[in-house]
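First the structure, in the form of structure tokens, and then the observations on it.
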Amino acid sequence: MENYIQLYMYRDNCIPWGDFYFPATHEVRPFDTCKWISSQKINRDLAVSKWGSIIDFIIEQINSNDYVHTMVNYYYVPLSDIYGKYHFCHDIFIYGYDMNKKNLYFSDFFRGGKYSTGEISFSDFSLAFSMYNCAKNEDYLFGKINLYKFNNEYTNKYRFSFSAVISSIKKYLLGDCLEYWSIYDYENNKNNVAFGIEVFSSIINYVKKTANNGTDIDIRPLYLVYDHKSIMVARLKYLYKQGYLENFNYYNIERFKEIISKTRTAVNIIIKYNITKNKILIDRVVNILNDVKKEEIEILSRLF
């Protein structure tokens, strides 16, 4: 309830990437800011040289109740849609192993892009891990293997911060970047990134330009908006129930539910557009996004 408030997205009309933005620089991934998770990082080469093989390393970590998160080349992952077709590096999440089968249990986006679980043999994984440099795309884990362990000790220490919620919503409405971005923005990149409510403009520009090029539109930025509104309704209900919003008309929360419906409609329209390439559908999506932006500003402004 205290997080998943701020959004960010590149202003570049050709890059559809947007996401929730956490109170830390981009180089520090969200799991490093979650106190329920104890995380460690180790260099890929060090893991192999000190443990003899990546499989030995993984087995020891799993036995220590750590999950393993690393990059591999999906050209060598049999469950991948691009298996044997072209080299592409992506992160993979390993949560178990079977010594009898000589398999690892893992999860990621495969089988048509759906997030799923599966098995991979020790030999296939070792090859996919060792050949990841053959892929030319970015290693966004920066050559590290991440280890995660649930931190049960923090459960009774967490204290909800209403002021943090209000501060984040204000920044969202103003389209302000978080203070950490200014501190760690080594390349003065903030002018290329839209924050908060300004994400709507980036999405609209991306949708229009992609449609003009005649190519498929990535639905993830629109689904991000849908997720954001769904979480916002849950948050407002929570705040109302806890007595933080005594003077906030519950009708406004019901109005926010209508916003959720509109954003889901926008996702579905884009899916339809990708099949039909009917340009009239683009106008419908743009109108929906503009309406949602206007209504959200009005409702959240009343919150204050």
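DSSP beta bridges fully contained in the chain are about 100 percent antiparallel.
Projecting label points 7 angstrom from Cα along Cα→Cβ for residue 53 and residue 163 puts them 5.5 nm apart. Can you list the lysines whose alpha carbon is less than 30 Å from that of residue 35, not counting same-chain residues fewer than 8 positions off? Partners found: 50, 114, 144, 149, 157, 170, 171, 190, 229, 237, 241.
For the pair residue 79 and residue 102, label points projected 7 Å from Cα toward Cβ lie 1.9 nm apart. Report relative contact order for region 81-173 in percent, whole number only (criteria: Cα-Cα under 8 Å, sequence separation at least 6). Once normalised by length, the contact order is 22 percent. Expressed as a whole percent, the accessible area of the chain that falls on carbon and sulfur atoms is 50 (1.4 Å probe). With bins 20 Å wide beginning at 0, the percent of Cα pairs of the chain falling in each bin runs 27, 54, 18, 0. Normalised by 2.2 N^0.38 Å, where N counts its residues, the alpha-carbon radius of gyration of region 44-120 equals 1.11. What is the percent of Cα-Cα separations in region 218-304 that go past 21 Å? Percentage above 21 Å: 35. Along the axis of the charge dipole computed for region 82-184 (Cβ charges of +1 for Lys and Arg, -1 for Asp and Glu, origin at the Cα centre), the listed residues 161, 120, 90 are led at the positive end by 161. Taking 0.36 nm per residue of separation and subtracting the current Cα-Cα distance, fully stretching the chain between residue 278 and residue 257 would add 4.7 nm. For region 1-154, rounded, prolate or oblate, judged on the Cα gyration tensor with a ≥ b ≥ c (square roots of eigenvalues), a/c < 1.5 rounded, else prolate if a/b > b/c? Oblate, since a/c reaches 1.5 and b/c is not below a/b.
Per residue, how many Å² of accessible area does region 198-304 show with a 1.4 Å probe? It amounts to 50 Å² per residue over region 198-304. Close amide H partners of residue 103, meaning residues 5 or more places away or on another chain with modelled amide H under 5 Å apart, are 98, 122. Computing FRET efficiency as 1/(1 + (r/R0)^6) for residue 238 and residue 14, where r is the C-beta to C-beta distance and R0 is 35 Å, gives about 0.40. Over region 219-258, the reciprocal of the mean inverse Cα-Cα separation, the Kirkwood hydrodynamic radius, stands at 10.8 Å. The longest part of the chain holding none of the exposed loop GluC sites (Glu not before Pro), meaning those outside H, G, I, E and B in DSSP with at most 16 other Cβ atoms within 10 Å, is 28-137.
The values are calculated or read from the model by the stated rules, or taken from the named source; none is laboratory data. This is a predicted model, so every value here is computed, not measured. Please note: Cβ atoms are built from the backbone with ideal geometry, for glycine as well, and neighbour counts cover all protein chains shown. Ligands, DNA and RNA are stripped out before the accessible areas are found, and what is left, the full protein with its side chains, is counted by its heavy atoms. Shrake-Rupley method; radii C 1.70, N 1.55, O 1.52, S 1.80 Å.
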